[in-house]
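The values are calculated or read from the model by the stated rules, or taken from the named source; none is laboratory data. Quantities reported herein were computed from a predicted structural model and do not represent experimental measurements. Neighbour counts are summed over all protein chains in view; Cβ atoms, including those assigned to glycine, are modelled from backbone coordinates with ideal geometry.
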Amino acid sequence: MTKLKTICFAVTTAALAGCAAMPRHYDDESSRALNLARAGGVYDQDLRDSPDGTRSYRKGLLVSALDLARLATSLDAPLRHLTGTQTLFFNATDIMMTPDNPSARPSLMGWMPESLAANEDDAYDHYVAVVDEAITQAAESMAITATKLTDVKTPEIDGHPLMLWSVTVERYGCADSNCIIAYNIQQPNHWKTPSYVIGREAASYNIAANHPEKYSRLVFRQSGHERTFPVDEFYGAVSAGMPPWIVMYFPPNTVIQDGEPLPYPVLYEQGQQLMFREPDHE
């Protein structure tokens, strides 16, 4: 009996992994945030809805799963003897060291309409252009200076480089390369689009979050002891500048709001911060 249970568990796990980014029907019993996260490949059961959205990550696994929060503390004590460019590279390497669990790491998920690209390589270029434009618009709306670094060699993910932007804004304590935006786009796959993705076409070039290493992300990092940059506002502004078929997921303790990390997961869609809150059924 024990052996049978083990086999069943293995088969179930493999099935979940294989279907992580399959198009799903909308679940009316789940929040929109959870529906989009599941469709994008954040399928593990550590993430779930809760009555008010603040207890939407499994308590028992919170400390062990969210290694990203611990790893990010290395940015609070940057190596002072490094040049600005070297520090940026050091921080970029730290950003890549994220957990295998999809719900425990920031992820960028998208369903680019098939009509916008000729093939998967073209879709990758279009994703990069879309994200760059969204960052530029966000910087303009927040009156900050954001500069894309084109002369810095960075690690590659799925054959594509990690992109780095330097942010300068005195009122938020961003100077001397201590504030960076880092993002990457994995190689898109030709796929089908869930019916509830806004701006969708039936077929799309998908970037999903289910692979242990080859997934897309966009993160802001501020080194130093003062977390003064309004990260939540920035993520909202970037999301607002993106097409509606791109969403961003962040686990607990990775979004800074009012100087404090949010202790619960959130998802951004069309500039709105969505919580994993159980739907009201009246």
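Worth pointing out:
- Condition broken by residue 252, with the remaining ones in (1) in contact with a helix residue (DSSP H, G or I) (Cβ under 9 Å, 6 or more places away or on another chain); (2) in a loop (DSSP other than H, G, I, E, B); (3) closer than 23 Å to residue 187 by Cβ satisfied: (3)
- Flag if residue 135 is surrounded by 15 or more Cβ atoms within 10 Å (Cβ to Cβ), closer than 20 Å to residue 181 by Cα and at pLDDT below 80: no
- Residue that is touching a Lys or Arg at 6+ places or on another chain (Cβ under 8 Å) and either over 14 Å from residue 112 (Cα atoms) or at pLDDT 95 or above (or both), where the choices are 185, 180: 180
- Comparison of 224, 236 shows that the only residue that is outside any loop (DSSP other than H, G, I, E, B), farther than 21 Å from residue 99 by Cβ and in contact with a Gly (Cβ under 7 Å, 6 or more places away or on another chain) is 236.
- Wholly within segment 1-65, helices (runs of 4 or more DSSP H) carrying at least 3 residues that are at pLDDT 95 or above and either among the small types (Gly, Ala, Ser) or under 19 Å from residue 102 (Cβ atoms) (or both): 32-39
- Criterion: modelled with pLDDT under 95, surrounded by 21 or more Cβ atoms within 10 Å (Cβ to Cβ) and not small (Gly, Ala, Ser) - qualifying residue of 197, 231, 167, 152: 167
- Hits in segment 96-124 - residues which are more than 21 Å from residue 134 (Cα to Cα), surrounded by fewer than 23 Cβ atoms within 10 Å (Cβ to Cβ) and of a type in the set (A, V, I, L, M): 96, 97, 118
- From 236, 224, 241, 199, residue being over 21 Å from residue 116 (Cα atoms), over 15 Å from the mean Cα position of the chain (by Cα) and not hydrophobic (A, V, I, L, M, F, W, C): 224
- Test: residue in segment 168-186 that is part of a loop (DSSP other than H, G, I, E, B), in contact (Cβ under 8 Å) with a residue 12 or more places away in the chain, under 19 Å from the mean Cα position of the chain (by Cα) and closer than 26 Å to residue 100 by Cα: yes
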